[in-house]
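Let me begin by presenting the structure, written as structure tokens, before commenting on it.
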Amino acid sequence: MVALFLVGVLAAVAVRAAEHDRGRVPPGVQVGGIDIGGLDRDAAERVLRRSARPSFATVEVRTPGAPVVLDVAALDPRPAARAAVDEAIAGDGYWSRFRRKVGLGETRRLPLLFSVPPPARERASDRVEAAVARPARSAAVRVEGGRIAVAPAVPGRRLDRAAFVRRLRALPPVLDAPTRSVPPPVTTAEATATARSLRALVRAPIRVTASTGTVALRRADLLELIGVQEGEGRLRLTVDREALGRRLEPLSSGIEREPRSAAFSVAGGRVTVTPSVTGRRVDLDATATALLDPPPARTVPLTVETAPPDLTTAEARAMRIQEVVGEFRTEYPCCAPRVTNIQRAAAILDGTVVPPGGRFSLNETLGERTRERGFLPAPQINAGRLEDAVGGGVSQVATTVFNAAFFAGMRLDSHTPHEFYISRYPPGREATISWGGPELIWTNDWPAGVLVTAEATDTAITVRLYSSRLGRRVTTTTSTPAGTAGAFPVRVTRRVLRGDQVVRDEEFTWNYREPPAE
């Protein structure tokens with residue numbers, strides 16, 4: 001009874017002592033060898049921050065390869081004082097606290113951990129990652145000497161960065177780098193299944209049949225045509241389309257036919273449509289797919305598809321290109337290099353079709369003027385001076401096209417007259433172009449297509465625009481001072497009508513400069 005009474009008294013004293021010391025570190029507690037027993041929370045934290053030091057200058061991280069040695073000072077570690085004090089205060093019960101208070105309990109030793117700032121932590125992790133990492137290697141199917149074999153997969157390895165950071169907090173002299181396995185994208189089992197499919201595919205010849213005959217693809221042929229490709233974490237059988245096309249050429253040569261677009265021809269001022277022709281071509285994609293379809297068929301029909309023309313007969317007729325709606329002719333002296341350039345440009349331009357709503361750019365239509373494309377050096381205006389340039393003279397084509405579009409009532413989007421007046425052109429109603437600009441651009445904003453024809457002789461170029469008239473009429477006026485030489489202003493008006501409706505009422509002005517002295 002007395003013993004029981006004494007136990008109760010001691011328990012009460014222990015509880016009372018613990019309540020009295022709430023928020024203080026119990027006596028006999030060390031953190032990292034530093035005694036903080038009996039201190040309140042703030043004092044204990046101050047002691048640890050002031051006195052705690054890492055025990056070692058370096059941390060050796062053991063990896064599957066060479067070890068990585070980290071300089072502790074470079075890690076810039078800070079003692080985790082608050083966490084250590086929290087654990088010291090919370091770790092004892094009432095009875096343990098009482099025993100330590102009266103000097104009966106053993107010293108409680110807690111480890112001191114450190115926090116490493118994120119930049120230093122990332123640098124250390126990167127260094128260890130470089131020593132640890134090993135890429136995963138997918139399993140593969142190899143064909144060597146006619147034999148189909150499987151190269152097994154190899155798992156990869158990465159640093160477990162979260163676990164590494166947790167271990168690093170203790171700053172031990174040596175720690176093992178925690179790793180995790182990285183699975184290969186393609187497993188050995190998957191590669192084995194693919195190899196089984198390939199063996200089944202090539203076990204016997206596959207015959208490709210067509211109306212023109214049969215081609216037998218034997219084992220050696222199939223192993224040359226069929227490959228194994230890895231993508232999106234799986235293996236798949238593929239067919240070399242180019243090699244398949246060569247192997248099936250004996251069949252396709254008698255089947256394939258190039259499509260031919262509908263064309264416009266002009267005779268006696270009237271436009272007729274030459275009908276289009278639908279082509280045929282071997283569909284190598286569909287034929288290759290049929291070769292690989294499981295279970296493999298031993299006879300596969302050659303797949304043939306139609307090849308539509310770029311412009312069908314129906315589409316050409318729907319453009320309603322029937323008659324001349326605008327034309328213009330300009331002349332030039334015979335036989336200079338610029339005449340060759342004009343004739344070359346006219347040959348490229350001739351036959352251009354602009355659909356309803358379509359945009360015409362003379363630069364885009366002709367392309368860059370180069371010697372390789374048949375153009376010669378000839379005079380052209382540059383910064384107010386005449387100088388030789390490849391393609392010089394093509395501005396005469398631009399002027400002729402501009403006037404044909406002008407009188408066809410087209411929307412004139414971009415044009416630039418020459419810097420000084422050239423007497424073979426109508427004042428203000430002319431245009432210059434150069435590769436890279438200036439441009440000549442117009443839009444066919446009429447509900448019928450436009451056929452552009454160009455004919456250049458040794459002394460003149462004529463450009464005609466064919467379409468449907470659609471009630472179009474164009475009137476124009478030109479105003480210049482008396483005489484058309486030297487520097488002078490010019491004003492050109494244009495009125496475009498469709499029946500009684502005014503489509504455009506425009507004014508164009510330009511100031512010609514004095515021509516260069518000869």
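The values are calculated or read from the model by the stated rules, or taken from the named source; none is laboratory data. Computed from a predicted structure; not experimentally measured. No Cβ is skipped: glycine too gets one built from the backbone with ideal geometry, and neighbour counts run over all protein chains shown.
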Among the listed residues 301, 333, 294, 308, identify the single one that is more than 30 Å from residue 236 (Cβ to Cβ) and in the same structural domain as residue 216 (by TED's automatic domain parsing). 308
Could you say whether any residue in segment 297-315 is out of contact with any strand residue (DSSP E or B) (no Cβ under 8 Å at 6 or more places or on another chain), surrounded by 15 or more Cβ atoms within 10 Å (Cβ to Cβ) and among the β-branched types (Val, Ile, Thr)? yes
For residues that are part of a helix (DSSP H, G or I) and among the hydrophobic types (A, V, I, L, M, F, W, C), scanning just segment 227-264, find the one that is surrounded by the fewest Cβ atoms within 10 Å (Cβ to Cβ). 243
So, in segment 1-33, of the ones that are in a strand (DSSP E or B) and buried (at least 18 other Cβ atoms within 10 Å of the Cβ), which residue ends up modelled with the lowest pLDDT? 31
Condition first: surrounded by fewer than 18 Cβ atoms within 10 Å (Cβ to Cβ) and touching a residue at least 40 places away in the same chain (Cβ under 8 Å). Now tell me which residues in segment 391-423 satisfy that. 411, 413, 420, 423
Residues satisfying the stated conditions in segment 217-229, i.e. in contact with a strand residue (DSSP E or B) (Cβ under 9 Å, 6 or more places away or on another chain) and over 17 Å from residue 289 (Cα atoms): 218
Take the residues in segment 172-226 that are in contact with a helix residue (DSSP H, G or I) (Cβ under 7 Å, 6 or more places away or on another chain) and assigned to a loop (DSSP other than H, G, I, E, B), then tell me which one is farthest from residue 154 (Cα to Cα). 212
Which one of these is basic (Lys, Arg), under 30 Å from residue 64 (Cβ atoms) and surrounded by 14 or more Cβ atoms within 10 Å (Cβ to Cβ): 137, 142? 137
Of the residues in segment 403-416, how many are more than 15 Å from residue 506 (Cβ to Cβ) and of a type outside the set (Ser, Thr, Tyr)? 1
Considering residues of segment 145-167 that are touching an Asp or Glu at 6+ places or on another chain (Cβ under 9 Å) and part of a strand (DSSP E or B) only, the residue farthest from residue 67 (Cα to Cα): 158
